[in-house]
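> One structure coming up, written as structure tokens, with questions to follow.
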Amino acid sequence: MRRADLLAQLRRDLSTKFGLPDEGFVITGLLVLYNNMLQSLFQSQIQTLGVVMLGIGLMLFILFRSFVWP
């Protein structure tokens, strides 16, 4: 389900079809809260994965730095 697209379409329709200014309405409810929570979760998971991969790479570099290739 594309929640962000649905919210963007809702904002666009309220502005164009009903002629409301963007400051004239606030979209609230569980859908908005759920969408914001999912976006934050995805962003934090990507950041965490990057930090973990960097840490593992650093540990492997330290572990194998003394090997000499023939």
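The values are calculated or read from the model by the stated rules, or taken from the named source; none is laboratory data. As the structure is a computational prediction, the values presented were derived from the model and not from experiment. Backbone-built Cβ (ideal geometry, glycine too); neighbour counts: all protein chains shown.
> Test PHE42 against the stated conditions and say whether it is outside any helix (DSSP H, G or I) and of a type outside the set (A, V, I, L, M).
For PHE42, the condition - outside any helix (DSSP H, G or I) and of a type outside the set (A, V, I, L, M) - is not met.
> Here's another thing I want to ask about it. Would it be correct to say that PHE61 is surrounded by fewer than 10 Cβ atoms within 10 Å (Cβ to Cβ), free of Cβ contacts under 8 Å to residues at least 40 places away in the same chain, among the hydrophobic types (A, V, I, L, M, F, W, C) and in a helix (DSSP H, G or I)?
It is true that PHE61 is surrounded by fewer than 10 Cβ atoms within 10 Å (Cβ to Cβ), free of Cβ contacts under 8 Å to residues at least 40 places away in the same chain, among the hydrophobic types (A, V, I, L, M, F, W, C) and in a helix (DSSP H, G or I).
> Here's another thing I want to ask about it. Collect the residues in region 23-45 that are exposed (fewer than 10 other Cβ atoms within 10 Å of the Cβ) and either on the phi < 0 side of the Ramachandran plot or in contact with a Phe, Trp or Tyr (Cβ under 6 Å, 6 or more places away or on another chain) (or both), keeping them in residue-number order.
Result: GLU23, VAL26, THR28, LEU30.
> What's the number of the condition ARG11 fails, among (1) assigned to a helix (DSSP H, G or I); (2) out of contact with any Asp or Glu (no Cβ under 8 Å at 6 or more places or on another chain)?
(2)
> Another question about this same structure. Would you be able to say whether some residue in region 21-30 is of a type in the set (Val, Ile, Thr) and either in contact with a Lys or Arg (Cβ under 8 Å, 6 or more places away or on another chain) or at pLDDT 90 or above (or both)?
Within region 21-30, one or more residues are of a type in the set (Val, Ile, Thr) and either in contact with a Lys or Arg (Cβ under 8 Å, 6 or more places away or on another chain) or at pLDDT 90 or above (or both).
> Filter region 1-12 down to residues that are farther than 12 Å from PHE25 by Cα and of a type outside the set (A, V, I, L, M, F, W, C) and give me whichever is surrounded by the most Cβ atoms within 10 Å (Cβ to Cβ).
Applying the filter and picking the extreme gives ARG3.
> If I ask for residues that are closer than 20 Å to ALA8 by Cα and over 8 Å from the mean Cα position of the chain (by Cα), which ones from region 33-51 would you list?
LEU33, TYR34, ASN35, ASN36, MET37
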